[in-house]
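See structure below.
No lab work stands behind these numbers, since they all come straight from the coordinates. The shown structure was predicted, so the numbers you read here are calculated from the model rather than taken from an experiment. Methodologically, a virtual Cβ is constructed for each residue, glycine included, from the backbone with ideal geometry; neighbour enumeration extends over all protein chains shown.
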Amino acid sequence: MGISAIDVYDGVKEKIHSGEYSPGYQLVETELAATFQTSRNTVQKVLLKLMSEGLVTIEKNKGAKVRSYTLSEILEYAQIREALEGLIVTLAIPRLTGDHMNRMRAALAQMSEKLAARDLLAYSECNKLFHQVIYDACPNRAAVDLVMSLKSKISKFNAKTILIPGRDQQSFEEHRGILAAIEDRDAQAASRLLREHIRHVTEKIEEYDKLIF
């Protein structure tokens, strides 16, 4: 019995984000069906969903490919994300519970451990957990959905910035500052710091575009 369409979707999406399926990569239905042990019909549905999210292009008689993005497009998406992240944390702060705060502190502690061990891949995963707490607490689900859609387009570019010399420590300090503002329930400061954090990532993408693209 083949795996579910959701699992195939998650699997293909992860390979796109990791770079295993790089921009321009031909997504052959029969090969994907064999890789994920599923039917071509399921693969076709998954590819259509990924196309609707802007991750895949499908052309008649040419099939599906991983979509390529220009630097200009990535910077535009990041600019929109910056504004939305500021809104999301502002709305989330009044709803953050003790459990939310403990999860954020735990994520930050893990980030510190992974940074010390120079395990930057694991650091990035802990980074995601940190931000996910804020998303979970935000009552505006439309804003969160928009950010998640934007992140799906630019996540692999964001992830590469952690490899830039000095960016890892800078990233950690930014997250520590964001958490401190959230603990103080200072929505204005948290919003400013989170937007600055996203802006710094964007600046690194622009500065090191030849390394990242």
* To do: Let me know the shape class of the range 5-66, please: from the alpha-carbon gyration tensor, a ≥ b ≥ c as square roots of the eigenvalues, rounded when a/c is under 1.5, otherwise prolate if a/b is greater than b/c, or oblate.
  => rounded
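Counting pairs of Cα atoms in the range 91-137, how many percent are more than 14 Å apart?
Of all Cα-Cα pairs in the range 91-137, 47 percent lie more than 14 Å apart.
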* Based on DSSP H runs of at least 4 residues, each adding -39500 (n - 2.57), what is the mean residue ellipticity at 222 nm of the chain after dividing by all its residues, to the nearest 500 deg cm²/dmol? -> -24000 deg cm²/dmol
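Where in the range 5-50 are there GluC sites (Glu not before Pro) that are in a DSSP coil and have at most 13 other Cβ atoms within 10 angstrom of their Cβ?
The qualifying sites are GLU20.
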* Asked: Does anyone have the angle between helix 120-137 and the longest principal axis of the chain? Alpha-carbon axes, 0 to 90°, nearest 10?
  -> 70 degrees
